[in-house]
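These notes are about the structure you will find just below.
The values are calculated or read from the model by the stated rules, or taken from the named source; none is laboratory data. Given the structure is predicted, the values throughout are model-derived calculations rather than measurements. Note: ideal-geometry Cβ built from the backbone for every residue, glycine included; neighbour counts use all protein chains shown. Each accessible area value is taken on the protein alone, full model and side chains, heavy atoms only, with ligands, DNA and RNA left out. Shrake-Rupley method; radii C 1.70, N 1.55, O 1.52, S 1.80 Å.
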Amino acid sequence: MASVEEDFPRGGTAKKPTESKIVVQRTEVDNLFQVELHSFLSFCSNYCEKKAFDLSGQVTENWEKTRKNCNVKEGILMLGCVKEVTDFEVTVSLPCGMQGFLSIRNICDSYTKLLSEQLESADTEEICSLPHIFYPGMVFRCVVAKLDVARGGSLSIQLSINPKLINKALTSTSLKAGMVLSGCVESVEDHGYIVDIGINGTKAFLHKKAVKDKHNPEDLTVGQYVTSQVEEVKNDGRVVRLSVSPPAVAQACAESEQGWNLTNLLPGLLVKATIKKVTKHGLILDFLSSFSGQVDFLHMEPGQTSILHQSTQVRACVLYVEPSTRLVGLSLRSYLLQPGTRVDPSPAGGDRIGEVVQNCKMTTMHHMSGAMLELPDKTLAFVHRNHLKESNEPANENRVLAMTEHTCRILDFSAMDQIHFASLRKSVIDKRFYRYHDLQAGQVVEGTVSVLLNHGMVVHLSDHIKGLVPRTHLSDILLKNPEKKYIEGMKIKCRVLSVDAENKKLYLTRKKALVESSLPLFLSYADARPGCVSHGYIVCIKDFGCIVRFYNNVKGLVPLSELSSEPVISPEEVFYVGQVFKAKVLQCDPDKAKMLLSFKAAAEGDTEEAATAQLEAKVLKKSVNGLEVAVLPDEVRAVLPTMHLSDHISNCPLLWESLQEGDVISNVMCFNKNKQNITLTKKPTVRWSLEEGVVAKDFSEITVGMQLIGWIKNIMSYGVFVEFPYGLVGLAPKSAMTDKFISDTITVFQPGQTVLAKVTNLDEEKRRFLVTLKMSEVISPEGDVQTRLINGLQERKAVAEMLAVRGMIALVFNYSFEVCLQCRTSHYLCVNLTPGQKATAVILRVDVLSSCVHVSLLPKLVAKKKSLAEGSKYTAMVQHIDRDFAIISLEDTAQLTVIQTSSHLNETFLSESEKLKAGMCLAVEVIEPSCQELQGLSLVSWQRTAPNRQRTTSENQTSSKGYCFGEIVRGKVRTVKPTSLQVTLEDGSTGSVHVSEVVEGADVCQGSFPTASVKVGSAVTARVIGGREASSHRYLPFSHPKFTYTIPELTLIPSVSLGMVTNIQPQVGLLVKLPFGGMGTVDVTDLFHWICEFVLNPQQAKPAKDPEVLSVDQLKAGQIIRGYVKSVGEQGVFISIDKEEELVHLSLLPEDTGKPDVLPESLGLPLRLIGEEKKEHDTKKKMKRAASESEQVTNGFTFLSLSLSLSRIKLSFLPPSDPCRLQVAAGFSWDVGLSSLKPASAAQEGDSSDGEDQDGSSKKKSRHELEQEKKAAEKALVQRETELMDPNLRPQDAAAFERLLLASPNSSLLWLQYMAHHLQATQIEQARAVAERAIKTISFREEQEKLNVWVALLNLENMYGTEESLKKVFERALQFCEPMPVYQQLADIYAKSDKTKEAEGLYKTMVKRFRQNKAVWLSYGTFLLQQGQSDAASALLQRALKSLPSKESVDVIAKFAQLEFRYGDSEKGRTMFDKVLTSYPKRTDLWSVFIDLMVKHGSQKEVRALFDRVIHLSVSIKKIKFFFKRYLEYEKKHGTPQSIQAVKEKAIEFVEAKGTEAAN
């Protein structure tokens, strides 16, 4: 037994005890036959599910493993059943619901040869087509020839029945009598057939008498598939006699004596087997004494499960064989075991594919494969585990099993398994179209453009349903370039022209006229009753008329006389193929499929229909944009848009809300005759224009000056499009929309608004026209305002009645309905109310949608009503605004009535102020005291007027003068914008507050707007700081401070103004001059908060901090006083203490003052070293130079503390503890004229001259002295010029650098010297600024110069900056320069500044980023060796050799060896050179380098040994001469006369050896 197992290893078993699941036993078998579950949506080769489906119903645990070891492999043998046969392909049902395809090329070699011969001779009479060879239900052996990936990424199984592939494991010697083989007829002979059984060297003959097949009673043909039994084997298998007897073949069991093994076992063989193991997922069988196979639960008889036990003997049929893993699948199903080779390809209950079945019960759950469902008719169906849930949901099989009932959709019927496959996915169940059978002609469907072909366009309606839109049906007209209109993936709407479910042919149309047609469809000749009208398309044009086709190939003839009301001589010139027309049926004979049509009668019927004035329509369906209705009585489908329900935009949603499906709408009219779908309108004004004929039915009827009634169709930035009846559309440009100036077109009109338009321009060529909507240019119809008001109120009344009938609103308050009563504040201010109090109110408005009633309790409205007289005039007040309507009260009559808020159709309100508001007064005139249409209310005409009331004095002043500059006002914030506030003042006017006038700049939080601190509705107090006229900007605030403004500019900041002190009055205060010519006083108590305390409590007053210094004699040693920095010169710092005209010497040294030093070293003061400084108190010169001198100090007027010594007065600088009085860079005095200002250089020179002896300047100099001074000045000038011309002289100040940079702006050396100049004075920021200037100034072409500056800046940041600043500069440098040099320079900087960690991190980045650059590796190696990391350098060398090209290897090793000599171990370097030169002995350049290094680092013995190696190299004589010369030089320098002589002798030997060649 052991030997048998060795020769024939068992394919499916694994000896693991106590395991009950097949999944464990099949782990070694690679899960064969795992394939993507077929979706069965169409009988094609696409497997659309990305889940694996196993024969035992199991799914692999890992999809990646499935991809690597896909169970469906080429070469696998299976039993298949013919499902469908076409001319060129056979659809084959495979086990477990799989589906394969057998091409006409994969039958057998003889059939393929016959096909080729017949095709070449163009004679197809003798070819036997596939339907003659195969029939549905036929069972045969097949092999997987190829696995294709379909376009959607799913698997397509290509099969073959070629005997050479199926029987390739058999040989002529292995043939035995009784074997059941499959083959194909190779040729037809006189007495029988030569059968190709695929075995080389074997001829199989089948006698005609041995053929008994009831399905093919005729003679066999070439290519015919036959399953036959071997009757006799002759001549060692070279000749085989066959017989075909279905009962005998079907009942023949394979025996072990016939030589069957796992290598040559074939599907379809019957075997006797013994059950080895029973699990709930199937069986394990032993057959042919030593082989194992498995039976899936799908291939066990439904009632057999309970009676099958271990060791039971059964007959089984081989279902599939996988030769590579030797897995065998078996079946116990009776239809495969019984005699006969045919299986029923369709279920007994009829075709149920696509059917949705409810109330199904789940009988068993196979957790690794799927579940069995029992349908209501007791039929079983299998649901794969992936179809138990949606594709994106997690698996929860227990929850599915716990459900009592299920709804499923039958996906397909597997003929091999004789079971339905179903899905529980809701997405699959809810699919509208599942098969071609679900589609019907005339249906409007949505699809996706798949591909454009020459003859049309393929459109996918679902994953497996596709249709063709013929080229003539791509549009209403024939498209020359359809690819410009249609692109792949576009969603489109089509209509089904015809569908052939059996052949899966679907034809669609994209013609808009057909897709949007609302006329009845002719799906059959029975539908085409005489008198009916439908849309059809011309398919053929003849001399006698046109042939028109409808749906499902229903077609009819339009005779020449019925083509048009005008005579048509040549139809080809008038009509074209594909043109859509309305056709009226004149005669129809369904039996003969003949129909007579008329275009003329259909057109005449349109004219008659248009004459119908008023129509009634029944609401079929409500949509967001309108109502779908059926026009009575013919129930023609039409659309009533929401905006066409009323002239009043506010009434349209009310009417839409009140209408329900089934309601009948009266008084509607059809206004659009050009489009195929009928569009209705209920707008009273539009209906009036249609009835009166004030319309243009075609573009040709439009004339300039014509006035039409239309509605706003679309609003664009450049104007509005106005639509008119009969589909005409005109454009009203922005300038012609209204008489007012408009900036935004969106706010002017609303879509759907009814307007009056006047035609201004016509473009005949492009069939376009322009209109104007200006009220000044259009004439409103007489009585239009009153008519629209009555129509609008009647519409609202109709809405209230409809809602009241439905019980949605109750206006009777006595009943127990809860109605919300709203009373605004203005309507009960005059009435004292308490909770629970009963009050009499008057109804202002009833809001039917929100069930809210607006009321008023005002006594003048609740009082007894007075009668009105026709023509009487009153002042009316607006009490309530209801969108398009307003409720007004007439003076003291207690009468209320309703008016429209707009007095013209085209009236526009561009701002809120133009609209009517509650509280406004109007002048009205009574037209009709009691109007029936207004439910007894008065009908009035109105216009706006100002109310006649007594004004107060303050109001008169305000209205006449406006607001004065500086006036304090109060109001409420109306709107808050990021840049301004709008404030409503107490008198109702509006003021503006700019963002800069909301809060102080210091109080603004970073990241927020100043206006964010103000809320809408909050009360504010503001001051008027400016303003403007509403109509002009004639005056500015500073030029006309006393002028008054109607629109004030306000500020919320408390008043703060800069002023100049003009007069000081002791005990009183200061007199201050203000901007714009104003004067002000400052009280002495308002100067400082501590002065008040000093004045009121003299006893507690502190001594004055700055005592008055009248003379130098008053200054004492140690006395601390404060002064102002006046200027900084070369001699020192000048400080003002008082107005004394005396010179005082002061000290600023910390040791003299006892205070910290505040003077920076960068000032470079020469006297700073000896601690002396000069100071002069000259009042006149101080006043002249105040502005220029103050520029020398950064902090302006800074307080200083003074310390006096006995010998001289010394000055000490203290850090200012108090805030500086004036934080400016340069001082400025209002008293100083522009003429007194001097440049800084002049001021410095003046200061330095002031330091000279003042007495000498006052004396008159002699002529000799003047000449001497002149000569000295000339000499100094010549010396200065010489210095400037000397290029080697380094500049000493910033001005000199700037002068040189003007001449050489691209010199990085000069810029670096300038930076160094600043760094010497520790002016880090100035040095940075110079570097930034250099980067911007140096030309982009000077890359090296720029790099030098960047390197300097990197050095600067490394020494004086932070890590962040260095990183930022480095990142910027990478953007502007080549990255590699920048990285290298920064690494060098790190290395030089001993930042080893940073340098190493940077080098690691470099070798990753620039791994192909040899210099990077060498630089990193140098760094490592300098740090003493020899091992790391060796590892780096190995990395470098892997990263760099192989041609660089020698040089890199040599360089690393040199580095070892220089920084590391010279012995290691010598070893590296030895290895390289052993491999590359002819690299004389490396020998030369090696010699230099050895001379420097090695012993004389080692050097001589090296020279001896070199002179014996097999290189050119010229190079050997060079090495001899070097050898001789070395010996002359380091050797002895004997060693020199030895070298010469070696040279002579070499010359003699080489002969004359060397001598020459």
Scanning the stretch 747-780 residue by residue, those at positive phi and open to solvent by 30 Å² or more (accessible area, probe 1.4 Å) turn out to be R767
So, restricting to helices (runs of 4 or more DSSP H) that lie completely within the stretch 1337-1449, which ones have at least 2 residues that are among the hydroxyl-bearing types (S, T, Y) and under 30 Å from P1305 (Cα atoms)? 1379-1392
Please state which of the following conditions P163 fails to meet, knowing it meets all the rest: (1) within 16 Å of R105 (Cα to Cα); (2) open to solvent by less than 10 Å² (accessible area, probe 1.4 Å); (3) of a type outside the set (S, T, N, Q); (4) within 55 Å of the chain's Cα centre (by Cα). (4)
Is it the case, given these coordinates, that S324 is surrounded by fewer than 21 Cβ atoms within 10 Å (Cβ to Cβ), under 50 Å from the mean Cα position of the chain (by Cα) and closer than 30 Å to Q229 by Cβ? yes
Of all residues making up the stretch 542-567, the number that are in contact (Cβ under 8 Å) with a residue 40 or more places away in the chain, touching a Ser or Thr at 6+ places or on another chain (Cβ under 9 Å) and in a strand (DSSP E or B): 1
Would it be correct to say that H455 is touching a residue at least 60 places away in the same chain (Cβ under 8 Å) and on the phi < 0 side of the Ramachandran plot? no
Among the listed residues P571, P590, identify the single one that is closer than 20 Å to N553 by Cβ and either in contact (Cβ under 8 Å) with a residue 24 or more places away in the chain or of a type in the set (V, I, T) (or both). P590
Might you check whether a residue that is touching a strand residue (DSSP E or B) at 6+ places or on another chain (Cβ under 8 Å), open to solvent by 50 Å² or more (accessible area, probe 1.4 Å) and on the phi < 0 side of the Ramachandran plot occurs anywhere in the stretch 716-724? yes
State whether the residues of the stretch 908-918 include one that is over 58 Å from the mean Cα position of the chain (by Cα) and not in a loop (DSSP other than H, G, I, E, B). no
Go through the residues of the stretch 874-882 one by one and say whether even a single one is closer than 28 Å to V785 by Cα and modelled with pLDDT under 85. yes
Look through the stretch 976-1018, keep the residues that are of a type in the set (A, V, I, L, M, F, W, C) and farther than 14 Å from T1051 by Cα, and return whichever of them is surrounded by the most Cβ atoms within 10 Å (Cβ to Cβ). V976
Can you name every residue in the stretch 370-391 that is open to solvent by 40 Å² or more (accessible area, probe 1.4 Å) and assigned to a loop (DSSP other than H, G, I, E, B)? P376, D377, K378, T379, S391
Any residue at all in the stretch 602-615 that's farther than 19 Å from F522 by Cα and modelled with pLDDT of 85 or more? no
Considering each residue of the stretch 848-878, count those that are part of a loop (DSSP other than H, G, I, E, B) and β-branched (V, I, T), and give that number. 1
Can you tell me which of (1) under 28 Å from K511 (Cβ atoms); (2) touching an Asp or Glu at 6+ places or on another chain (Cβ under 6 Å); (3) β-branched (V, I, T) is the one V585 doesn't meet? (2)
Restricted to the stretch 574-595 and to residues being under 16 Å from L478 (Cβ atoms) and either of a type in the set (G, A, S) or in a helix (DSSP H, G or I) (or both), the residue nearest to the chain's Cα centre (by Cα) is G578
Selection over the stretch 396-445 where residues are over 28 Å from L330 (Cα atoms), hydrophobic (A, V, I, L, M, F, W, C) and not in a loop (DSSP other than H, G, I, E, B) yields a count of 8
I'd like the residue in the stretch 267-311 that is at pLDDT 85 or above and of a type in the set (S, T, Y) and, out of all such residues, is least open to solvent (accessible area, probe 1.4 Å). S292
Please pick out the residue among A1295, A1334, A1272 that is closer than 18 Å to F1376 by Cα, modelled with pLDDT of 80 or more and of a type outside the set (D, E, K, R). A1334
If we keep just the residues of the stretch 1373-1408 that are under 30 Å from T1337 (Cα atoms), among the aromatic types (F, W, Y) and open to solvent by less than 50 Å² (accessible area, probe 1.4 Å), which is farthest from the chain's Cα centre (by Cα)? Y1390
Within the set of pairs 6+ apart or on separate chains, which have a first residue in the stretch 1536-1560 that is modelled with pLDDT under 80, a second that is surrounded by fewer than 11 Cβ atoms within 10 Å (Cβ to Cβ) and in a helix (DSSP H, G or I), and C-beta atoms under 7 Å apart? V1551/A1559
Could you list, in sequence order, the residues of the stretch 490-533 that are over 46 Å from the mean Cα position of the chain (by Cα) and open to solvent by less than 60 Å² (accessible area, probe 1.4 Å)? F522, S524, Y525, D527, A528, G531, C532, V533
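Let's see how each residue does on (1) at pLDDT 75 or above; (2) over 40 Å from the mean Cα position of the chain (by Cα):
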position	(1), (2)
H994	yes, no
E1000	yes, yes
Q1006	no, no
F1009	yes, no
K1015	yes, no
V1020	yes, yes
R1028	no, yes
S1031	no, yes
R1034	no, yes
Working only within the stretch 1444-1458, note down all residues that are under 22 Å from R1409 (Cβ atoms) and open to solvent by less than 40 Å² (accessible area, probe 1.4 Å). L1444, S1449, V1452, F1456
Residues (under 27 Å from D882 (Cβ atoms) and at pLDDT below 90) located in the stretch 624-646: V624, N625
Taking the condition over 28 Å from V778 (Cα atoms), in contact with a strand residue (DSSP E or B) (Cβ under 8 Å, 6 or more places away or on another chain) and not acidic (D, E), does L916 pass? no
Looking at G783 and the list (1) surrounded by 17 or more Cβ atoms within 10 Å (Cβ to Cβ); (2) under 30 Å from S938 (Cβ atoms); (3) over 43 Å from the mean Cα position of the chain (by Cα), which single condition is not satisfied? (1)
Exactly one condition in (1) at pLDDT below 85; (2) in a helix (DSSP H, G or I) is false for T124; which is it? (2)
Residue in the stretch 576-595 that is nearest to I541 (Cα to Cα), counting only those that are open to solvent by 50 Å² or more (accessible area, probe 1.4 Å) and of a type in the set (A, V, I, L, M): V577
Within the stretch 466-520, count every residue that is more than 20 Å from F575 (Cβ to Cβ) and part of a strand (DSSP E or B). 17
